[in-house]
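The values are calculated or read from the model by the stated rules, or taken from the named source; none is laboratory data. Keep in mind that this is a model prediction, so the values were computed, not measured. Please note: Cβ atoms are built from the backbone with ideal geometry, for glycine as well, and neighbour counts cover all protein chains shown.
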């Protein structure tokens, strides 16, 4: 597919930053038909070719004129050390992000692995509805990254005059081709976010994605300014690897007033192996509902991993309230400041790890594998629990016989 190895000298290619764009689908490449947006196979590449801000045609003709499937190149006015040349790999069929499946996540990860040694960075274009899930999944599926993988998309198709897709694509390409951010990220509306920390907050605004509990990794201000203190450091000198197994038997249980017992029991029964509970506020459930607690305990006792996250966009869950402590004592894992999307995907990933036993899987849910959770909160909780146990031991020593 990519022919630059066969006709260009190595010293020539060293002058370029090579980026592979995996166009999986989504609004960014759609066109309007009968008043609604529809997928438009092979149209996205034409739109790029006809936009001089996205493709320097003279440069491409000069260096790649004899190639049938020419790459694209960002104009030279972008302040980068190397010219960013990018190749487009359009998926067939194009995926509607609301139809995304586990196999699609694995395919994207495998495609990055397949072409990893040929490119300096990768951009994944994706529909916005499930973009946060896919970006988070890629962060867990791909180990030992030493190159940027940037997920992006658009709220408005790139063929429209007011499209945000234009700036999002340029920003994603600049990160992938010129920034040393060796992790999976999301670029949207001038901000670079950690993939497993972002959520879709707005269904209309071009500022659709936010990272509620951590600062952006970088912001675009004429040039990209990287916040190095927020970067996740991958293990050095290790070969890239991709996991190809995820567990489908995970679900999300949204808590609401007067939820019926049967609803809770159904979400927690076999074959479900993992459940993410979206609880109230700081991690609370009804204190007077023994039926809910019984269903949770039953699931935990049979080996189901239950994780508690908040319905709030910002903040974290903790055991400061009695109702929160009650479910923690029942064996529910507190997700700290993880987003629900990330907790769900991480649970699928961890349950797919056949090399870990149940206790290891539970322990890893509380650990930061890819910068997705603030481990300090869990450590503080463990210290508090340890202090309480020690205090109880002391009291036991002084009890009258």
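Going by the conditions given, is residue 85 in contact with a strand residue (DSSP E or B) (Cβ under 7 Å, 6 or more places away or on another chain) and within 30 Å of residue 251 (Cβ to Cβ)? Before the answer, list the steps.
Details: in contact with a strand residue (DSSP E or B) (Cβ under 7 Å, 6 or more places away or on another chain): yes; within 30 Å of residue 251 (Cβ to Cβ): no.
Here the answer is no, as residue 85 does not meet what is asked.
What are the residues in the range 22-39 that are touching a residue at least 40 places away in the same chain (Cβ under 8 Å) and not in a helix (DSSP H, G or I), if any?
Here is the first cut: in the range 22-39, the ones touching a residue at least 40 places away in the same chain (Cβ under 8 Å) are 22-32, 37, 39.
Once the filter is applied, which keeps residues that are touching a residue at least 40 places away in the same chain (Cβ under 8 Å) and not in a helix (DSSP H, G or I), the range 22-39 yields 22, 23, 24, 25, 26, 30, 31, 32, 37, 39.
Counting only residues that are crowded, with 24+ Cβ neighbours inside 10 Å, modelled with pLDDT of 95 or more and in a helix (DSSP H, G or I), the range 297-330 holds 1 of them. Of all the criteria given as (1) crowded, with 19+ Cβ neighbours inside 10 Å; (2) out of contact with any strand residue (DSSP E or B) (no Cβ under 6 Å at 6 or more places or on another chain); (3) under 21 Å from residue 265 (Cβ atoms), the one not satisfied by residue 333 is (2). Taking the conditions exactly as written (assigned to a helix (DSSP H, G or I) and modelled with pLDDT under 90), does residue 11 satisfy them or not? So residue 11 fits the description; yes. Between 399, 381, the distinction of being more than 21 Å from residue 142 (Cα to Cα), at pLDDT below 85, out of contact with any helix residue (DSSP H, G or I) (no Cβ under 6 Å at 6 or more places or on another chain) and outside any helix (DSSP H, G or I) belongs to 399 only.
Report those strands (runs of 3 or more DSSP E) wholly inside the range 92-205 carrying at least 2 residues which are farther than 24 Å from residue 41 by Cβ and modelled with pLDDT of 95 or more. Walk me through it before giving the result.
Values: elements: 121-125, 149-152, 184-188, 191-194.
Counting at least 2 such residues, we get 184-188, 191-194.
If only residues of the range 245-271 that are without any contact (Cβ under 8 Å) to a residue 12 or more places away in the chain and not in a loop (DSSP other than H, G, I, E, B) are counted, the one that is surrounded by the fewest Cβ atoms within 10 Å (Cβ to Cβ) is 262.
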